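Student: Here's a structure for you.
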């Protein structure tokens, strides 16, 4: 069964889309953890960073980070900063088994997280 993110990508579930390309989509999280909380998702459904292998996987991961940075800039987060997070597995806090990045900003983000 496709992930909820694949269903959003396919237009089966509505989302507040920030930006979209042929290989990426960014949309607002329905349960925001910061004033700005956007999910950046590759169209290709793979579970985690480790699943993007070889030169094509490396290229897509680089593009994913670049796309996340573009989204942060477009949302006005550059001046004060932001965080990009990838959660992996249950202990890492991953709730959807489709790789995605969280772009968080709009307030001071403490460290360590969680």
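Taken together, the values in this text are just the output of simple stated rules run on the coordinates, not laboratory data. This is a predicted model, so every value here is computed, not measured.
Student: Looking at the chain as a GNM with Cα springs under 10 Å, which of 27, 52, 67 has the largest mean-square fluctuation?
Tutor: 52
Student: From the gyration tensor of the Cα coordinates in region 4-105, what semi-axes in whole Å does the equivalent ellipsoid have, largest first, with each one equal to sqrt(5λ)?
Tutor: 19, 16, 15
Student: Compute the long axis of helix 54-74 from its Cα atoms, compare it with the longest principal axis of the Cα atoms of the chain, and write down the angle in degrees, 0 to 90, nearest 10.
Tutor: 30 degrees
Student: Here is a follow-up. Given a 10 angstrom Cα cut-off, can you work out which residue in 81, 92, 62 is the most mobile in a GNM of the chain?
Tutor: Among 81, 92, 62, the largest GNM mean-square fluctuation belongs to 92.
Student: Oh, and also: For the chain, what is the mean residue ellipticity at 222 nm derived from helices alone (per DSSP H run of n ≥ 4: -39500 (n - 2.57); sum divided by total residues; nearest 500 deg cm²/dmol)?
Tutor: -8000 deg cm²/dmol
Student: In the Gaussian network model of the chain, springs joining C-alpha atoms below 10 Å, which of 102, 37, 91 carries the largest mean-square fluctuation?
Tutor: Fluctuation is largest for 91.
Student: Additional query: Any chance you could run the full-extension gain for residue 74 through residue 46? It's 0.36 nm times the residue separation minus the Cα-Cα distance, nm to one decimal.
Tutor: Using 0.36 nm per residue and subtracting the Cα-Cα distance, I get 7.5 nm.
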